[in-house]
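A.B. asks: My questions will all concern the structure given below.
Taken together, the values in this text are just the output of simple stated rules run on the coordinates, not laboratory data. Bear in mind the structure is a predicted one, so any value in this text is a computation, not a measurement. Cβ placement follows ideal geometry from the backbone for every residue including glycine, while neighbour counts extend to all protein chains displayed.
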Amino acid sequence: MEIISAQYLISSATHKQCPKADRPEYAFIGRSNVGKSSLINMLTDQTKLAKTSATPGKTQLINHFEIVSRTRNKSGKSTEQKWYIVDLPGYGYATVSQKARNNWGNMIESYIRKRENLGCLFVLIDSRLEPQKVDLDFIRQLGEWQVPFVIVFTKSDKNKPGGTKRRVEMFIAKLMDEWEEAPPYFVTSAVDRAGRPELLSYLSDLNSSFTNS
């Protein structure tokens, strides 16, 4: 898949305000400051599409970005497709009031459970950390809601050799305490662009499934 263009479209306070659900949509979520905006910028090959901040909790709305991509089949014929990337507010600890956290939680749950064109939720996990309860609890909730998701380990460039592999294995092993099989996962870095081809290929396959459904 080749990203032709990516642009900010709209920020919504509720799922009802989101754009018409007429194309594939993939949302990115994770703990505050997990590197979500940096990952979106890396995927779309832009530097300022999603706003990055050193302050946790900066993203407070459902942010839609319109993506135009091109794929080629085995015979070389190219096909263009429009779809959405969504930047969701982070969960976990942020320097905001409890009321604001509750509002975000309700907004995120309504979006995840009611947005009919949401093809997959990408849950970002900081590869520098041992398994965190807030991440495990959120993933458990997705299972109860029966929401399709994959895991994206971020900031792999920040680890010493072998560190990323060890922590990824620890996290997956922790999931297997409750899950029958591990979800798909990717290891990424917004700095050295690790994981970009694999993620774009996965998104391309999801787009194809949406089109053929």
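A.B. asks: For a Förster distance of 22 Å, can you work out the FRET efficiency between the beta-carbons of Glu109 and Asp205, rounded to the nearest 0.05?
C.D. replies: In this case the efficiency is close to 0.20.
A.B. asks: With both bridge residues required to lie in the chain, what share of the DSSP beta bridges run antiparallel, to the nearest 5%?
C.D. replies: About 50 percent, rounded to the nearest 5.
A.B. asks: Moving to a separate point now. For a protection proxy built on the mean count of beta-carbon atoms within 10 angstrom, sort 18-28, 36-46 highest first, please.
C.D. replies: In descending order of packing, they fall as 36-46, 18-28.
A.B. asks: Relative contact order for region 1-83 using alpha-carbon pairs under 8 Å, separation at least 6, rounded to a whole percent?
C.D. replies: Computed value for region 1-83: 45 percent relative contact order.
A.B. asks: Highest first, please rank the peptides 84-91, 117-124 by the mean number of other Cβ atoms sitting within 10 Å of their residues.
C.D. replies: So the peptides 84-91, 117-124, ranked by packing, come out 84-91, 117-124.
A.B. asks: If I stretch the segment between Trp179 and Lys82 completely, what's the gain in nm (0.36 nm per residue apart, minus their alpha carbon distance), one decimal?
C.D. replies: Length gained, Trp179 through Lys82: 31.5 nm.
A.B. asks: Tell me whether the chain comes out rounded, prolate or oblate; compute the Cα gyration tensor, take square roots of the eigenvalues as a ≥ b ≥ c, and use a/c under 1.5 as the rounded threshold.
C.D. replies: rounded
A.B. asks: Excluding residues on the same chain fewer than 8 positions from Lys48, give the lysines whose Cα lies under 17 Å from its Cα.
C.D. replies: Here the lysines satisfying the reach criterion relative to Lys48 are Lys36, Lys58.
A.B. asks: Below 8 Å between Cα atoms, with a sequence gap of 6+, how large is the relative contact order for the chain in percent?
C.D. replies: Taking the mean separation of contacting Cα pairs over the length of the chain, I get 24 percent.
A.B. asks: Among rounded, prolate and oblate, which fits region 1-56 when a ≥ b ≥ c are the square roots of the eigenvalues of its C-alpha gyration tensor, a/c under 1.5 means rounded, and a/b larger than b/c means prolate?
C.D. replies: Verdict is oblate for region 1-56.
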